[in-house]
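First up is the structure itself, then whatever we jot down about it.
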Amino acid sequence: MLAACNSATPAPTATSAPKPTQSPPTAAPTIAPTATAAPKPTEAPKPTEAPQPTATPKPKLSVATTVEPLTNIVYNIGGNRIELVGIVPPGTDSHTFEPAPSDAVRLAKADVVFVNGLFLEEPTVKLAKANLKKGAEIVQFGENTIKQQDWVFDFSFPKAEGKPNPHLWMNPIYALRYAEIAKDTLSRRDADNAAYYAQNYAAFKTRIEALDASIKKTIESIPANNRRLLTYHDSFAYFAPRYGMKVVGAIQPSDFAQPTAKEVAQLIQQLKAEKIPAIFGSEVFPSKVLEQIKKEAGVEFIDTLSDDALPGAENAPNHTYIGMMVDDTITMAKVLGGKPDLIANFDVTNSVK
Ligand SMILES: [Zn+2]
């Protein structure tokens, strides 16, 4: 199923809306006697007053997002007062994801479509634009978080192609900005719940600031010479500088195909020369060349870093953006000689109650 982590909470519109079928048995008898007791013909026929259609609550704001981490950030602001759907299925490569025709239906229902932007979800944005209902909007987090001069280009996202590394959310401070954009957008579209969104943002902000401090402390526990990342998928370009780490390279080419034999050979040389203890991969991007690199360069290969997929099962307490960031930090600290215990007990649950 496509509904992301937010599906942990019941979709309450159906259940919370007062069901008209429930009221008649008790309501009907009380109405009937007054009708018969009042003989005046002028009083009786006011059919508009009886069914009370105004009792139906306003429908919730319908919100679509793309990848799981962003869906979870928006969930922590909108809570159960929005209808939230994530378009990119869990565990999917978001960079090459092509939405299905059924996603057009989901996007057509949305009042707001939140996307990372920075060219990450181009097919989804295109489909959203083509199907957006009147008055609906697409909000791009990335473009509203950093200026073009701060875009990072690198091996997997070369400047020549003009599309920057889009993984801003891997820096918690940027993720907090995403949450702020979500808060502002939801409040503008749904002013009745603005106080609720503001309160959720405040709680998320407190947690993210604590997360940022914990990551900092944990990464600092890694010996300085080991604070280097060589990853298969290039998703730590905005995380690394925040915590004094250096991305020494990424293996995945810009077209997301497998690296060439020449590229692999260069990489093995680099690994040996720089004495890098490990290469980090992710389950979303399996690659045949990693075994070869591991064998020839004699380094560890850890395939559990994540930037797209949240940890745990869909309803698990750690199935959150924060859970993913904590897991990644633990993985790095373990492999690179730091102290994973410094962050191991961090509260990874959703901050929204
Ligand atoms: Zn990615």
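Tabulated results
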read-out: Relative contact order (%) - criterion: Cα under 8 Å, at least six apart; region: segment 57-211; value: 24 percent
read-out: Whole-Hz couplings from phi, Karplus 6.51/-1.76/1.60, listed for segment 239-244; x for Gly and Pro; value: 6, 4, x, 5, 10, x
read-out: Two-site FRET efficiency, K246 against D341, from Cβ-Cβ distance with R₀ of 35 Å, rounded to 0.05; value: 0.90
read-out: Three-way shape call for segment 218-344 based on the alpha-carbon gyration tensor, with the a/c threshold at 1.5; value: oblate
read-out: Highest average packing first - 57-65, 326-334, Cβ atoms within 10 Å; value: 326-334, 57-65
read-out: Highest-first arrangement of 306-312, 71-77, where packing means the average Cβ count within 10 Å; value: 71-77, 306-312
read-out: Cβ-placed point charges (K, R +1; D, E -1), dipole of segment 218-344 about Cα centre in debye, nearest 20; value: 580 debye
read-out: Global geometry of segment 57-211, whether rounded, prolate or oblate, following the gyration tensor of its Cα atoms and the 1.5 cut on a/c; value: oblate
read-out: Theoretical FRET efficiency, 1/(1+(r/R0)^6), r = Cβ-Cβ of A191 and K129, R0 22 Å, to 0.05; value: 0.25
read-out: Karplus-derived HN-Hα couplings along segment 299-314 (A = 6.51, B = -1.76, C = 1.60, θ = phi - 60°), whole Hz, x at Gly and Pro; value: 10, 7, 10, 10, 10, 10, 5, 9, 10, 10, 9, 7, x, x, 6, 4
read-out: Dipole of segment 92-196, positive direction: furthest Cα of I146, V105, P164, with charges on the beta-carbon; value: V105
read-out: Distance (nanometres) between label positions extended 7 Å along Cα→Cβ at T96 and A108; value: 3.0 nm
read-out: Point-charge dipole on Cβ atoms (K/R +1, D/E -1) for segment 126-238, about Cα centre, debye to 20; value: 180 debye
read-out: Amide H partners (placed H, <5 Å) of V247, local residues excluded; value: L229
read-out: Cut-off under 5 Å, modelled amide H: who pairs with I138 long-range; value: V113
read-out: Separation in nanometres of the label points that stand 7 Å from Cα toward Cβ, at K294 and I173; value: 3.6 nm
read-out: Mean Cβ count within 10 Å, highest first, over the residues of peptides 116-122, 132-138; value: 116-122, 132-138
read-out: Kirkwood Rh, Cα atoms: Rg over Rh of segment 134-242; value: 1.05
read-out: Debye, to nearest 20: dipole size of segment 85-169, +1 on Lys, Arg Cβ, -1 on Asp, Glu Cβ; value: 340 debye
read-out: Hz values of 3J(HN,Hα) by residue in segment 154-169 - Karplus curve (6.51, -1.76, 1.60), Gly and Pro given as x; value: 7, 4, 7, 10, x, 4, 4, 8, x, 10, x, 4, x, 7, 4, 5
read-out: Estimated distance in nm for a label pair at Q269 and K147, the labels positioned 7 Å out from Cα along Cα-to-Cβ; value: 3.9 nm
read-out: Sorted by Cβ neighbour density within 10 Å, fewest at the top, the residues F256, F280, F97; value: F256, F97, F280
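Throughout, read-outs are computed from the coordinates displayed, never taken from laboratory work. Here the structure is a predicted model, which is why all the values come from computation and not from measurement. All Cβ positions, even for glycine, are placed from backbone atoms using ideal geometry, and neighbour counts span all protein chains on display.
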